[in-house]
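K.L.:
This is the structure I want to talk about, given as structure tokens.
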Amino acid sequence: MKKSTKKLAAILMCAALAGMSVAGCSNGEPETKAPETTKAAETTKAETKAETKAEAKTETKAGVKSDSAVNMADANVKKKDPSKHYKFGYTCMDGTNPFFVTIEKTMREMIEAQGDELVSVDPANDVTLQITQVEDLVSQKIDAMFMNPAEAEGILPALDQLKEAKIPTVGFDTEVADMSYLISYTGSDNYNAGFVCGEDLVKKCPNGGDIIVLDSPTMNSVTDRTNGFLDAIKNHNFNIVAQQDAKGNLEVSMGIAEDLLQAHGNVVAIFGGNDPTALGALAAANAAGIKDCKIYGVDGSPDIKAELASGTSLIEGSGAQSPVKIAQSAVNIMYSYLNGEEVADRYPVETFLITSENVKDYGTDGWQ
């Protein structure tokens with residue numbers, strides 16, 4: 001464990017021992033719903049999702065629909081020729097993120113169970129390093145690649161290398177700028193993951209208020225989540241007093257949130273593009289003595305679920321996804337392709353909201 005990580009863990013532990021107040025915009029009494037505004041939010045969601053779905057229904061050259069209803073996570077695909085040995089490459093934006101740790105571990109277990117090999121690299125959110133690492137994987141004669149980009153646009157040179165080497169690539173969790181480089185993609189419904197957070201905030205803070213958004217513009221997945229959140233709160237009297245790039249990183253988020261909360265100590269909510277970002281904001285809010293602020297993340301990580309289960313945290317909810325299902329889906333897609341089967345260009349994985357009210361249904365010891 002890095003010293004900085006230990007230091008941060010200590011900060012969080014101290015904050016927890018000091019006691020955290022439950023965030024709240026409402027007074028605990030039943031709230032009167034606003035039919036018009038709620039309906040407007042639902043309409044926005046329905047229209048946006050309808051547009052996204054319509055765009056997704058373009059057909060691939062193989063004639064396979066991109067909005068495939070097939071659940072690849074549970075497909076349990078075996079390679080056609082057991083004597084064949086495959087070497088797979090793997091890269092993600094941040095290998096220290098518990099979300100990606102779970103994805104890599106799940107993929108490795110599945111691949112090694114079939115007698116194959118997974119070679120993993122970690123660019124630590126540096127797309128230039130990621131390109132170099134992919135080049136090295138290509139030189140190692142990998143047979144196929146699992147790709148999660150540090151930057152959607154910046155990773156294109158690496159995808160050019162993979163294409164030139166005729167190495168099939170399955171994307172996961174975060175889209176690349178040009179999806180034609182991929183044989184298929186699997187990932188969470190990120191727009192919905194952000195939307196359900198915003199929807200919950202609207203319900204709990206019907207009068208609106210000032211909020212902070214900690215996003216990551218170079219990560220398509222986080223951008224989709226942020227767009228979903230912003231669409232959900234649109235026209236509900238919320239004022240974004242600050243929106244900054246936290247790079248999906250806990251320590252970066254904590255530093256940014258510390259500065260922002262000095263200037264905006266009365267915000268009713270903070271939205272983080274992933275759970276590490278939300279936890280960084282939590283550490284900053286606790287250090288600043290903030291007692292009434294709802295913090296949302298996206299992931300549904302064990303750490304966030306533990307905060308929700310505590311009943312004393314400023315963490316209000318997380319747009320949950322399943323890294324286990326994403327990993328299973330990606331590996332099954334890859335083996336299907338290598339077996340010569342047609343695959344769709346996109347396999348979505350469901351997202352949903354976890355709060356203190358339902359966290360017991362998902363547990364806090366691991367990922368859902």
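The values are calculated or read from the model by the stated rules, or taken from the named source; none is laboratory data. Given the structure is predicted, the values throughout are model-derived calculations rather than measurements. Cβ atoms come from the backbone with ideal geometry, glycine included; neighbour counts cover every protein chain shown. All accessible areas refer to the heavy atoms of the entire protein, side chains included, with ligands and DNA or RNA removed. Shrake-Rupley method; radii C 1.70, N 1.55, O 1.52, S 1.80 Å.
K.L.:
Determine, from the Cβ-Cβ distance of Met179 and Ala306 and an R0 of 30 Å, the FRET efficiency 1/(1 + (r/R0)^6), rounded to the nearest 0.05. Intermediate values should be presented prior to the final figure.
P.N.:
On the way: r = 36 Å, r/R0 = 1.19.
For R0 = 30 Å, the calculated efficiency reads 0.25.
K.L.:
Okay, next question. Report the accessible area of Phe238, computed with a 1.4 Å probe over the heavy atoms of all protein chains in place, in Å² rounded to the nearest 10.
P.N.:
Here the residue's solvent-accessible area equals roughly 40 Å².
K.L.:
Follow-up. Between their Cα atoms, which of Lys141/Lys247; Lys234/Lys305; Lys234/Lys360; Lys203/Lys234; Lys84/Lys141; Lys204/Lys291 are more than 21 Å away from each other?
P.N.:
Numbers: Lys141/Lys247 32 Å; Lys234/Lys305 27 Å; Lys234/Lys360 31 Å; Lys203/Lys234 13 Å; Lys84/Lys141 15 Å; Lys204/Lys291 16 Å.
Over 21 Å apart, Cα to Cα: Lys141/Lys247; Lys234/Lys305; Lys234/Lys360.
K.L.:
Please list, ordered by chain and number, the residues whose modelled amide H lies under 5 Å from the amide H of Leu353; skip anything fewer than 5 residues away on the same chain.
P.N.:
Long-range HN contacts for Leu353: Ala320.
K.L.:
Give me the net charge of Gly115's neighbourhood, meaning all other residues with Cβ under 15 Å from the Cβ of Gly115; Lys, Arg count +1, Asp, Glu -1.
P.N.:
Computed value for this residue: 0.
K.L.:
Highest first, please rank the peptides 167-180, 78-91 by the mean number of other Cβ atoms sitting within 10 Å of their residues. Intermediate values should be presented prior to the final figure.
P.N.:
Numbers: 167-180: 20.1, 78-91: 15.5.
Top of the packing list down: 167-180, 78-91.
K.L.:
Could you go through the range 307-318 in sequence order and give the Karplus-derived ³J(HN,Hα) for each residue, using 6.51 cos²θ - 1.76 cosθ + 1.60 with θ = phi - 60°, rounded to whole Hz, and x for Gly and Pro?
P.N.:
Per-residue couplings from phi come out as 4, 5, 6, 5, x, 10, 9, 6, 5, 9, x, 9 Hz.
K.L.:
Nearest 0.05, what FRET efficiency do Asp361 and His264 give at R0 = 35 Å with Cβ-Cβ as r? Before the final figure, lay out each step's value.
P.N.:
On the way: r = 34 Å, r/R0 = 0.98.
Rounded to the nearest 0.05, the efficiency is 0.55.
K.L.:
Hey, what do the phi angles of the range 235-252 turn into as Karplus ³J(HN,Hα) couplings, whole Hz, using 6.51/-1.76/1.60 and θ = phi - 60°, x for Gly and Pro?
P.N.:
Coupling constants for the range 235-252: 6, 10, 6, 9, 10, 7, 7, 7, 9, 10, 7, 9, 6, x, 10, 4, 5, 4 Hz.
K.L.:
Can you list residues from other chains, or at least 5 along the same chain, whose modelled amide H is less than 5 Å from the amide H of Ser188?
P.N.:
Asp173, Val349
K.L.:
Between Gln140 and Glu350, take the C-beta separation as r, use R0 = 45 Å, and let me know the FRET efficiency to the nearest 0.05.
P.N.:
0.80
K.L.:
Given H placed 1.01 Å from N in the peptide plane, which residues other than close sequence neighbours of Asp210 have an amide H under 5 Å from its amide H?
P.N.:
Asn239, Val268
K.L.:
Next question, about the same structure. Over the range 255-368, what is the relative contact order in whole percent, taking alpha-carbon pairs under 8 Å and six or more residues apart? Working shown, then result.
P.N.:
Values: 167 pairs, mean separation 29.2, N = 114.
Taking the mean separation of contacting Cα pairs over the length of the range 255-368, I get 26 percent.
K.L.:
Out of all Cα-Cα pairs in the range 191-254, roughly what percent, to the nearest whole number, are more than 20 Å apart? Can you show the working numbers first?
P.N.:
Numbers: 509 of 2016 pairs.
The proportion of pairs with Cα distances above 20 Å equals 25 percent.
K.L.:
Ignoring ligands and nucleic acids, what accessible area does Arg108 show with a 1.4 Å probe (Å², nearest 10)?
P.N.:
70 Å²
K.L.:
Percentage of Cα-Cα pair distances in the range 261-357 greater than 23 Å, rounded to whole percent?
P.N.:
Values: 1824 of 4656 pairs.
Value for the range 261-357 (Cα pairs over 23 Å): 39 percent.
K.L.:
Counting Lys and Arg as +1 and Asp and Glu as -1, what is the net charge of the other residues whose Cβ lies under 11 Å from the Cβ of Val267?
P.N.:
On the way: positive: Lys294; negative: Asp210, Asp292.
Local net charge: -1.
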